[in-house]
Every structure is written in C-alpha cells, then in structure tokens.
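**Q** Before we start, here is the structure in question, set down as structure tokens.
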Amino acid sequence: MTKVSELLARDAILLQIESRDKIDVIRELSRPLIENGTVTDEETFFEAILRRENLESTGIGLGVAIPHARTPAVARTALAFGRSEAGVDFNSLDGKPAFLVFLIAAPEDRKTEYIMTLARVSRLMRRDEARIALNRAQTPNEVIAVVQQYE
Amino acid sequence: MMQLERLILYVLPGREGEAAAGWALALARRLGARVFAVHAVDDREQTAGDQESEEAAWKILYEVEDDAFEEDVKLSLVLEQGDPVERLVEVVAGYSGDLVVVPAGAFPPAELVRRSPAPVVFVGSAAAEAARGFKEE
C-alpha cells in the first residue's frame, strides 16, 4: 500500500491558501493536481467533489477538512495539502473552521487505495503533534517530513 | 406524527455490520433522513495497536460513507474513543438522533436500550432482505 507521504507531491502543497470559501479552496487545491496530470477532466472532478460536499461534511473537526472524490476523471491517487491562516468553513460537526485541508483524488477503480488513504490521513490528523507540526512547517519538504514522521 | 430525520448508525466490520449499514442507508434514503455513522475505539486499555485500531475504524467509516454517496444519502462520520455504549449514547443525545441502528450482537441489548434517548433497532444479516424491500418500493 502506497504511503500517504508518497502520494503528496511537493508542487501540490500550498502553505498559504488564499481562498476563504470552501469551494474556492477546493478549486485552489485542485489546480496543481490538474497541472500535474492527476486530474484529467476538471469539470467531472469538480462535479464529484461538489456532490460529495453537498451530501456530507468533509470537515472532520479539530480544524481539519478532507474533501475527496473517486472518479474516472482522475488518473492516479494523489493528495494536495493546503494551510489557511483565516480558516475555512467546511461544515464540521464541531462547528470549527478548517485550517489544514487535505484534498484526496482517486481513480474510480482504486476503491481500496482510496479508502485506506482517507483512513490514514484521518488517523494522522487526529494526532495533536501532527497538526501542530504541520502548522509550523515552513516548506513543502517539511510538510512531507511531518507526514512521513507520523503516518 | 413522529419524524425520523436523524439516524444514528453504529458501524462495525463483518456481515452484521454490513447488514445494519445497508438497512440504515436504505431507510434513510426512503425517508430523506441524515445518517450519523459512528464508531468508538475502545481505548480503555492502552495497547501498542491503538493506531491500527483507529485506522481500521476510519476505514469502516469511510466504506459506509462511500456506500452512502452511491445512494445519495446525507451522512456524517463520527469517531469516538472509550466505552462504545457510553459514547454511542452520548452521540445519540448530542446529535438529537431519532433512531439508533446497531448491528445484531454489537452490544448487550438491554443496557443500550435502557440508556439510549432514542429507540434502538438491532439489525442482523437476515434483515438484508428488508433493506432490499426499501430500495425496490
């Protein structure tokens, strides 16, 4: 099983998300995945992501959100990570905004890898030390090192 | 008339767990209800396998979430830690659950039914037929 840190490319790490609205944040985080060829059909990908956001909260609480989609519009499983200073409302059950956002994209036929990646990121982000370290990371390499350390 | 708008589903792996999840999702779809899928990692005795237990718990929660997405059912995931019955009762109260759906054999029925602020339905694998009935109607 591929490690989370191996699915997270340096060019898909945004240390400062500019957008304030969750849909705009998802678009901002999707951009590197479109540019690096992970997402092959932008509109189909957004349709899947937005349908899921309408059905459920991808904010898992503790200041973390994990928007995700499994769709034929994705060529390989990959992650993007973004950090928001102001926080973004992802309708988390705890009512708090998300400051750390992982976007997960997976091909339609990679369900096991997709579920495992979601489970690993969720478990990782429930650890206080991991969230603190991600908030302090100064470079994309440091973000990847934090994920490697705690996964 | 009683409204069932919020179903609290206790999620477990295995046949009974799948049956309960299938039944709850089918019912929620029919009623237009939201499902709160809950699992509690029993960490009262700390072990080296706690990380694996939490990852396994997220895995079964996300499997139910994926099924809910396929069926157009609104769903929220809730992962708790501690005594499963105690946590489940707290979640039912905290999210104002109207009905609690639990896999057969998950808990001692009497204790949960006595403590739960909402009615409890225990669903076994034989009830998969009932879920199919919800979908076909």
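The values are calculated or read from the model by the stated rules, or taken from the named source; none is laboratory data. Treat the numbers as computed from the prediction; the structure is a model and nothing was measured. Methodologically, a virtual Cβ is constructed for each residue, glycine included, from the backbone with ideal geometry; neighbour enumeration extends over all protein chains shown. Side chains included, ligands, DNA and RNA excluded: accessible areas come from the protein's heavy atoms. Shrake-Rupley method; radii C 1.70, N 1.55, O 1.52, S 1.80 Å.
**Q** Name the long-range amide H neighbours of residue A:60: under 5 Å, sequence gap of 5 or more, or other chain; modelled H, no Pro or chain starts.
**A** Residues meeting the criterion, in which the H sits 1.01 Å from N, are A:65, A:66.
**Q** Using a 10 angstrom cutoff on alpha carbons, build the Gaussian network for chain A and name the most mobile of A:54, A:135, A:91.
**A** Of the options given, A:54 has the highest mean-square fluctuation.
**Q** Here is a follow-up. Could you order A:108, B:111, B:54 by accessible surface area, starting with the largest, using a probe radius of 1.4 Å?
**A** The residues order as A:108, B:111, B:54, largest area first.
**Q** Given a Förster distance of 22 angstrom, what is the FRET efficiency for residue A:43 paired with residue A:10, based on the Cβ-Cβ distance and rounded to 0.05?
**A** 0.25
**Q** Just counting partner chain Cβ atoms within 10 Å, what average do the residues of peptide A:103-115 show around their Cβ?
**A** Per residue, the average neighbour count from other chains is 1.
**Q** Sticking with this one: Got a sec to turn the phi values of region A:91-98 into Karplus ³J(HN,Hα) couplings, 6.51 cos²θ - 1.76 cosθ + 1.60 with θ = phi - 60°, whole Hz, x for Gly and Pro?
**A** Coupling constants for region A:91-98: 6, 5, 5, 7, x, 9, x, 9 Hz.
**Q** Counting only protein heavy atoms and rolling a 1.4 Å probe, how much accessible area do B and A lose on contact, total for both sides, in Å² to 100? Working shown, then result.
**A** Values: alone 7670 and 7570 Å², together 13040 Å².
The B and A chains share an interface burying roughly 2200 Å².
**Q** Please compute, for peptide B:24-34, the average count of beta-carbon atoms on other protein chains lying within 10 Å of each residue's beta-carbon.
**A** 0
**Q** Starting from a Cα-only point model with no solvent, please compute log10 I(q)/I(0) by Debye for region A:26-151 at q = 0.10, 0.20 1/Å.
**A** -0.29, -1.21
**Q** Per residue of A:119-129, count partner chain C-beta atoms within 10 Å of its C-beta, then hand back the mean as an integer.
**A** 4
**Q** How much net charge surrounds residue B:33 when only other residues with a Cβ under 11 Å from its Cβ are counted (Lys, Arg +1; Asp, Glu -1)? Numbers along the way, then the final one.
**A** Values: positive: B:6, B:29, B:30, B:34, B:74; negative: B:5, B:98.
Around residue B:33, the surrounding residues sum to +3.
**Q** Quick check: net charge around residue A:91, other residues with Cβ under 10 Å of its Cβ, Lys/Arg +1 and Asp/Glu -1?
**A** Taking every Cβ under 10 Å from that of residue A:91, the sum is -2.
**Q** Would you mind counting up the charge near residue A:149? Only other residues with Cβ under 11 Å from its Cβ, with Lys and Arg at +1 and Asp and Glu at -1.
**A** So the environment of residue A:149 carries a net charge of -2.
**Q** Also, I was wondering about something else. Using only the alpha-carbon atoms, how far is helix B:50-70 inclined from the longest principal axis of chain B? Give it as 0 to 90 degrees, nearest 10.
**A** Long axis of B:50-70 versus the principal axis of chain B: about 10 degrees.
**Q** How high is the relative contact order of chain A, in percent, with contacts defined as C-alpha pairs under 8 Å that are six or more residues apart? Don't skip to the end; give the middle numbers.
**A** On the way: 283 pairs, mean separation 43.2, N = 151.
Value for chain A: 29 percent.
**Q** Using just the helices of the protein assembly as shown, give the 222 nm mean residue ellipticity in deg cm²/dmol: DSSP H runs with n ≥ 4 each add -39,500 (n - 2.57), and the total is spread over all residues, rounded to 500.
**A** -14000 deg cm²/dmol, from helical runs alone.
**Q** Helix B:15-31: angle to the longest alpha-carbon principal axis of chain B, degrees 0 to 90, nearest 10?
**A** The two axes meet at around 40 degrees.
**Q** Please list the non-local residues whose amide H lies under 5 Å from the amide H of residue B:121, H modeled 1.01 Å from N, same-chain partners needing a gap of 5 or more.
**A** The answer is B:100, B:101, B:102.
**Q** Take the Cβ-Cβ distance between residue B:4 and residue A:75 as r, set R0 to 35 Å, and report the resulting FRET efficiency rounded to the nearest 0.05.
**A** Numbers: r = 41 Å, r/R0 = 1.19.
For residue B:4 and residue A:75, the calculated efficiency is 0.25.
**Q** Peptides A:14-20, B:102-108: what's the order by average Cβ count within 10 Å, highest mean first?
**A** B:102-108, A:14-20
**Q** In a GNM of chain A with a 10 Å cut-off on Cα contacts, which of A:61, A:87, A:95 has the highest mean-square fluctuation?
**A** Fluctuation is largest for A:95.
**Q** For the protein assembly as shown, how many pairs of lysine residues have a Cα-Cα distance under 24 Å, where the two are 8 or more positions apart or belong to different chains?
**A** Within the protein assembly as shown, the lysine pair count is 11.
**Q** Under a 5 Å amide H to amide H cut-off, with H placed in plane at 1.01 Å, what residues pair with residue B:81 once short-range neighbours are removed?
**A** Residues meeting the criterion, in which the H sits 1.01 Å from N, are B:41.
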